[in-house]
Amino acid sequence: MTEVLDQTPQAQAAPPKTGWRRWLLGPGFVRAAWMAPLFFGIGFLIVIGLRSIAHYEPLLNWLIVVTVAGLVTAPLGFLAGIGAFDYWVYYALGYPTRPEDHSGHGARSWKDYFRVNTDHKVIGVQYVVTTIFFFLAGGLMAMIFRAELAKPGMQFLDNQEYNGLISVHASLMIFLFVIPAFAGLANFVIPLMIGAPDMAFPRLNALSFWLLPIAGIIMLSSLAVPGGAFGAGWTGYAPLSVVGTNGNVWFNMGVQWAGASSIMTALNFLVTIITMRAPGMTFWRMPLLVWANFTTSLLVVLATPFIAGSQFFVMFDRLIKTNFFNFHESGYVLGYQHIFWFYSHPAVYIMMLPGFGIASEVISVFSRKPIFGYRLMALSLCAILVLGFSVWAHHMFVSGMANWLRVPMMVTTLLIAVPTGIKVFSWLATTWEGRIHLATPMLFALGFVSMFVIGGLSGIMLGAVPIDIHVSDTYFVVAHIHYVLLGGSLFTIFAGIYYWFPKMTGRMYNERLGKLHFWLTFIGFNLTFFPMHIIGVQGMPRRVSDYDPQFGTWNMIISISSFFLGASFIVFLYNAITSWIRGPLAGANPWHAMTLEWQVSSPPPIFNFDEIPQIVGGPYEYGVPGARHAVFNGAREHELEEARSP
Amino acid sequence: MAAHAEAHHGPPIAHQSSRVDAPTLGMLLFIASEIMLFGSFFTIYFFARVVAGPDQWPPPPFHLPVFVAGINTAILLTSSFTMHWALQAIKRGNRAGMQAGLVLTLALGLTFLLTQIREYSRVGFSPQDGAFGSTFYGLTGLHGAHVFVGLTILTFATIRAFRGHFTAAEHRGVEISGIYWHFVDVMWIVVYTTVYIL
Ligand code: HEM
Ligand SMILES: [Cu+2]
């Protein structure tokens with residue numbers, strides 16, 4: 001009965017709209033343009049209504065109004081306007097849901113990239129392009145404050161501007177670039193890799209993407225808030241974030257939107273990986289990229305709510321004068337750091353594990369050899385997942401926390417280097433005696449391994465309490481985070497973008513420009529960040545706009561190198577844009593890789609596969625005679641026979 | 001390429017590689033995430049109460065209305081049973097039973113929420129009264145927000161139930177909103193025990 005009801009066409013909720021009605025009422029940016037203000041108004045009324053019921057004075061507090069109406073309900077109105085909720089609203093109200101005609105699925109023209117699209121491949125591209133935009137914005141800010149730091153003394157920024165710029169820079173890089181860029185790449189490849197036609201919840205997938213631009217715009221717009229952008233760093237420590245400029249609220253809310261987005265995506269990945277693998281794709285036959293995103297997603301689902309909590313507390317302390325972190329009213333200030341790092345240490349692995357996965361794919365393919373110690377690689381991911389929750393207080397050695405916590409945290413921190421080391425050795429062993437092709441993705445992957453080792457070593461030094469006490473809050477920490485995040489995460493993101501560029505666009509990038517990009521980035525990166533170790537050990541504090549003249553020379557060198565590094569991305573942009581438009585056609589499998597995404601056309605068909613393939617072996621059996629990962633339709637029976645017979 | 005895609009009417013059926021179906025698994029993972037969100041609120045609660053806290057909790061002169069909240073707890077618990085009843089009813093194809101169960105659950109949940117709001121207005125302290133007030137309103141408020149979300153979801157299930165959806169074979173909409181509702185109930189028991197009794 002119900003089933004029938006769902007599909008009767010004449011039971012459509014609204015008659016098909018025509019002309020201007022469709023223009024005004026159909027999902028899209030026009031509807032978003034009037035629904036966002038409408039929802040702003042609703043948010044405004046909610047605030048005024050609640051305040052008058054509770055007899056709060058004054059009735060009109062603009063900061064609260066802007067927070068609720070501007071940063072919560074208006075974005076919701078925008079989402080409703082572009083149609084992110086349409087299906088669910090029909091469903092919830094019991095209307096017949098529109099029979100799926102796949103009109104919202106797949107991209108037939110470039111315009112489809114600006115719509116709510118349920119195709120994981122379109123969403124993947126949307127993610128990657130959006131995150132690169134925020135990456136450029138964040139990079140530009142770095143150029144500005146590096147110019148300020150080139151000489152001792154104040155140049156052209158004041159302290160508040162400086163703090164605002166470094167905070168927005170770091171927050172964009174972390175929450176709007178590294179984390180979602182990985183999510184985007186994974187979005188594109190995971191369903192293909194496991195042999196699924198799409199993600200488990202395509203509409204949720206679309207929604208999670210559209211939360212990102214909202215988060216990014218909120219963080220960027222904090223630069224325009226009267227009083228200045230949030231300036232308490234990407235860590236947003238209370239009490240500074242409570243009493244600092246009002247821009248901090250934009251940080252609180254930006255993090256919430258970005259966090260909601262990554263939780264939804266992670267949930268989607270987990271369900272997809274668990275329930276939609278092709279027949280024969282056991283966990284021990286999954287590519288390591290899938291493993292990496294599986295563990296990452298568990299981290300996201302379990303850890304991200306903690307940063308959400310911490311930002312709520314800070315926001316309430318400012319907006320409605322609660323006392324979570326107010327020392328005078330027996331609030332517990334250090335509580336912020338505990339809760340924040342209980343998310344943010346796992347988050348550094350959220351920012352790294354997907355990169356491990358990309359490196360594993362690339363290194364194996366370009367060494368033409370099976371991954372060394374495949375199972376150990378997967379298990380060490382799981383070990384990192386578990387241990388990652390037990391080390392948070394190594395960020396708090398000098399915070400004044402309970403002394404007894406120091407040594408246990410030091411021990412777990414050093415322990416976590418073991419699974420990490422296993423992975424590094426496995427990559428090295430994979431290249432051992434391989435037939436190495438130094439194409440751009442491989443260069444970035446090898447660059448990642450070497451730079452990540454340096455970052456890991458400084459991490460171990462920081463994990464040792466006595467050393468950390470000496471270099472805490474110095475440029476040594478800045479060097480560490482850039483070796484792991486730029487030399488680590490960013491390099492793997494580029495490895496992934498170059499590796500899957502032919503699959504995403506159907507066209508090949510320019511190899512010479514790709515290599516040029518790598519070498520410029522690699523050299524510029526080391527010139528910029530290696531000296532920071534030295535001035536850090538000598539005691540130059542981080543997060544200050546002025547410094548002792550003795551560090552002047554090094555800082556000049558660093559600033560010049562950083563412009564060089566910044567300029568190297570122009571090569572990438574030029575290469576990506578021109579190759580996308582008129583690069584040579586790539587063909588289905590330019591790298592001769594075995595994983596499933598390379599067995600379909602480039603770009604893949606709208607529903608990925610004509611028929612779900614059958615998995616018959618591991619994903620990395622390069623150079624193993626007769627080895628197969630999957631067999632496809634058509635000659636399936638015959639090939640299955642063949643694969644089974646020894 | 002495009003022609004190739006057009007030739008097909010829809011995606012190939014995905015292989016189901018797990019015994020759990022996707023929506024149920026999704027809801028369970030979402031609940032795991034929610035538990036962690038409560039975890040952060042409990043963490044700050046215990047920091048305020050144990051690590052930084054005053055000798056006496058609740059700090060004088062404040063009192064907590066343990067009895068009223070206890071009654072409220074019973075109301076919410078009952079709603080879990082009515083929810084269960086609704087699900088069992090539709091599993092046997094009893095549409096009226098499902099509708100009655102859902103409406104009762106909604107009514108009980110709404111009673112809980114209104115009682116809590118009334119309690120807020122009479123409890124004698126505000127979120128601004130020390131870390132005690134902040135954490136009390138933090139935990140109970142977070143839970144209240146979840147009751148609200150649960151009620152919203154249940155409202156939708158009820159609307160669908162009255163519009164002739166759900167059958168003995170296909171009733172995931174009731175089942176999954178039920179899972180969330182039970183989670184909200186169980187969470188309340190933990191919150192109530194921690195905040196009012198301990
Ligand atoms: C072997 C692995 C690692 C160890 C032992 C380690 C250890 C540490 C320690 C002890 C600190 C605190 C320094 C201080 O503030 O005084 C730190 C900071 C930091 N680490 Fe790592 N780390 C490791 C890997 C990573 C990875 C993979 C990432 C991210 C991709 C990362 C990102 C960061 C960041 C962002 C900070 C600075 C936080 C801030 O702004 O204060 N680390 N690390
Ligand atoms: Cu850490």
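The values are calculated or read from the model by the stated rules, or taken from the named source; none is laboratory data. Quick caveat, the model's predicted, so the values are computed rather than measured. Positions of Cβ are backbone-derived with ideal geometry, glycine not excepted, and every protein chain shown enters the neighbour counts. Just the protein is used for accessible areas: all its heavy atoms, side chains included, with ligands, DNA and RNA removed. Shrake-Rupley method; radii C 1.70, N 1.55, O 1.52, S 1.80 Å.
Just subtract the alpha-carbon distance of A:Leu223 and A:Gln160 from 0.36 nm times their residue separation and send over the number in nm, one decimal.
The A:Leu223-A:Gln160 span can extend by a further 21.6 nm.
Picking from A:Met352, A:Val189, A:Ile535, whose Cα lies most toward the positive end of the charge dipole for the protein assembly as shown (charges on Cβ: Lys, Arg +1; Asp, Glu -1)?
Farthest towards the positive pole: A:Val189.
At what distance in nm do the modelled label points of A:Asp546 and A:His55 sit from each other, each positioned 7 Å from its Cα along Cα→Cβ?
In this crude label model, A:Asp546 to A:His55 measures out at 5.1 nm.
In nm, to one decimal, how far is the modelled label at B:Val190 from the one at A:Leu585, with both set 7 Å along Cα→Cβ?
My value for the distance between the label points is 5.7 nm.
I'd like the FRET efficiency for A:Ser399 and A:Phe563, computed as 1/(1 + (r/R0)^6) with the beta carbon distance as r and R0 of 25 Å, rounded to 0.05. Could you put the intermediate results ahead of the total?
Working: r = 35 Å, r/R0 = 1.40.
About 0.10, to the nearest 0.05.
Taking the Cα of A:Val465, stepping 7 Å toward and past its beta carbon, and measuring to each backbone N in segment A:359-390: which are under 18 Å?
Only A:390 fall inside the zone, counting backbone N under 18 Å.
Rg/Rh for segment A:22-92 to two decimals, with Rh computed the Kirkwood way over all alpha-carbon pairs.
Details: Rg = 14.2 Å, Rh = 12.9 Å.
My calculation of the ratio gives 1.11.
Tell me, what does the Kirkwood hydrodynamic radius of chain B come to in angstroms if you use every pair of distinct C-alpha atoms? Let's see the in-between values first.
On the way: mean 1/r = 0.0524 Å⁻¹.
Hydrodynamic radius (Kirkwood, Cα only) of chain B equals 19.1 Å.
Sequence gap at least 6, Cα distance under 8 Å: using those rules, report the relative contact order of segment A:417-554 to the nearest whole percent.
32
Taking a temperature of 4 °C and a viscosity of 1.567 mPa s, what whole-number D in µm²/s does Stokes-Einstein yield for segment A:35-144 with Rh from Kirkwood over alpha carbon pairs?
Details: Rh = 17.2 Å.
Using the Kirkwood radius from Cα pairs, D works out to 75 µm²/s.
Apply 1/(1 + (r/R0)^6) to the Cβ-Cβ distance of B:Phe46 and B:Thr78, taking R0 = 35 Å, and write down the FRET efficiency to the nearest 0.05.
Numbers: r = 30 Å, r/R0 = 0.85.
The value I calculate is 0.75.
For a Förster distance of 25 Å, can you work out the FRET efficiency between the beta-carbons of A:Arg22 and B:Thr152, rounded to the nearest 0.05? Intermediate results must be reported in sequence, preceding the final value.
Working: r = 29 Å, r/R0 = 1.18.
Between A:Arg22 and B:Thr152 the formula returns 0.25.
Using alpha-carbon positions, what is the distance between the centroids of segment B:92-146 and segment A:138-194, in Å?
Their Cα centres are 42 Å away from one another.
Place a point 7 Å from the Cα of A:Gln538 along the Cα-to-Cβ direction; which residues of segment A:151-181 have their backbone N under 18 Å from it?
Residues A:151-153 qualify, since their backbone N sits under 18 Å from the label point.
Less than 14 Å from a label point 7 Å out along the Cα-to-Cβ axis of B:Arg92: which backbone N atoms in segment B:149-189 qualify, by residue?
B:168
Quick one: divide the alpha-carbon radius of gyration of chain A by 2.2 N^0.38 Å and tell me what you get. Kindly include the intermediate steps, with their values, before the conclusion.
On the way: Rg = 25.4 Å, N = 646, 2.2 N^0.38 = 25.7 Å.
Here the Cα radius of gyration is 0.99 times the empirical estimate.
Run through every distinct alpha carbon pair of segment A:335-450 and return the Kirkwood hydrodynamic radius in angstroms, one decimal place. Let's see the in-between values first.
On the way: mean 1/r = 0.0645 Å⁻¹.
So the Kirkwood estimate lands at 15.5 Å.
For the protein assembly as shown, what does the accessible surface come to per residue with a 1.4 Å probe? Please give it in Å².
Working: 33730 Å² over 844 residues.
Roughly 40 Å² per residue, with all protein chains present.
Considering amide H positions built from the backbone, and no H for Pro or chain starts, which residues 5 or more places from A:Arg507, or on another chain, come under 5 Å of its amide H?
A:Ala586
Just counting partner chain Cβ atoms within 10 Å, what average do the residues of peptide A:313-326 show around their Cβ?
Taking all residues of A:313-326 together, the mean is 4.
With +1 on each Lys and Arg Cβ and -1 on each Asp and Glu Cβ, and nothing else charged, work out how big the dipole of the protein assembly as shown is about its Cα centre, in Debye to the nearest 20.
Details: 43 positive and 38 negative charges, 152 e Å.
In debye, rounded to 20, the protein assembly as shown gives about 740.
Using 0.36 nm per residue of separation minus the Cα-Cα distance, give me the extension gain between B:Val103 and B:Ser121 in nm, one decimal.
On the way: separation 18, 0.36 × 18 = 6.48 nm, distance 2.73 nm.
Working it through step by step, the gained length comes to 3.7 nm.
Rounded to whole Å, give me the distance from the Cα center of segment A:206-263 to that of segment A:58-98.
19
Probe radius 1.4 Å, ligands and nucleic acids ignored: give me the carbon and sulfur share of the accessible area of segment A:124-195 as a rounded percent.
After summing per-atom areas, the C and S share lands at 73 percent.
Starting from the amide H of A:Thr474, placed 1.01 Å from N in the peptide plane, find each other amide H under 5 Å away whose residue is 5 or more places distant or on another chain.
When sequence neighbours closer than 5 places are left aside, the close amide H contacts are A:Arg542.
Would you mind working out the magnitude of the charge dipole of segment A:117-582 relative to its Cα centre, with +1 at each Lys and Arg C-beta and -1 at each Asp and Glu C-beta, to the nearest 20 Debye? Display every interim value, and only then the final one.
Numbers: 21 positive and 14 negative charges, 253 e Å.
Value, rounded to 20: 1220 debye.
So what are segment A:220-354's ellipsoid semi-axes, whole angstrom, largest first, if each one is the square root of 5 times an eigenvalue of the alpha-carbon gyration tensor? Spell out each step's value before the answer.
Working: eigenvalues 257, 46, 26 Å².
Its equivalent ellipsoid spans semi-axes of 36, 15, 11 Å.
Considering the options B:Gly97, B:Ser80, B:Ala14, tell which one lies farthest towards the positive end of the dipole of chain B, charges being +1 on Lys and Arg and -1 on Asp and Glu at the Cβ, about the Cα centre.
The Cα lying farthest towards the positive end belongs to B:Gly97.
How many Cβ atoms of partner chains, on average, are near each residue of B:129-140 if near means within 10 Å of its Cβ? Each step should come with its number before you reach the end.
Numbers: counts 3, 7, 12, 4, 3, 13, 6, 0, 3, 6, 0, 0.
Average neighbour count from other chains, rounded to a whole number: 5.
So for segment A:117-582, averaging the separation of alpha carbon pairs under 8 Å that are six or more residues apart and normalising by length, what relative contact order in percent results?
Numbers: 754 pairs, mean separation 75.9, N = 466.
With pairs under 8 Å counted, the relative contact order is 16 percent.
Please give the average number of partner chain Cβ atoms lying within 10 Å of the Cβ of each residue in B:43-52, rounded to a whole number. If you can, show how the numbers build up before the last one.
Working: counts 8, 12, 2, 2, 10, 8, 2, 1, 5, 8.
For this peptide, the per-residue mean of nearby foreign Cβ atoms is 6.
Ranked highest first by average number of other Cβ atoms within 10 Å, how do A:428-441, A:493-506, A:602-615, B:81-94 line up?
Going from most to least packed, we get A:493-506, A:602-615, B:81-94, A:428-441.
At 7 Å along Cα-to-Cβ for each site, give me the label-to-label distance between A:Asp473 and A:Lys321 in nm.
3.0
Give me the percent of the accessible area of segment B:23-177 that comes from carbon and sulfur atoms, probe 1.4 Å, all protein chains in place. List each step's numbers first, then the result.
Working: 4630 of 6610 Å².
With neighbouring chains kept in place, the figure for segment B:23-177 is 70 percent.
Nearest 100 Å², what total accessible surface is buried between chain B and chain A (probe 1.4 Å)?
Numbers: alone 11290 and 26950 Å², together 33730 Å².
Looking at B and A, the buried total is near 4500 Å².
Please give the length that would be gained between A:Thr553 and A:Leu527 if that part of the chain were fully extended, namely 0.36 nm times their separation in residues minus their C-alpha to C-alpha distance (nm, one decimal). Don't jump to the answer; show the numbers that get you there.
Details: separation 26, 0.36 × 26 = 9.36 nm, distance 1.33 nm.
Separation in residues times 0.36 nm, less the Cα-Cα distance, equals 8.0 nm.
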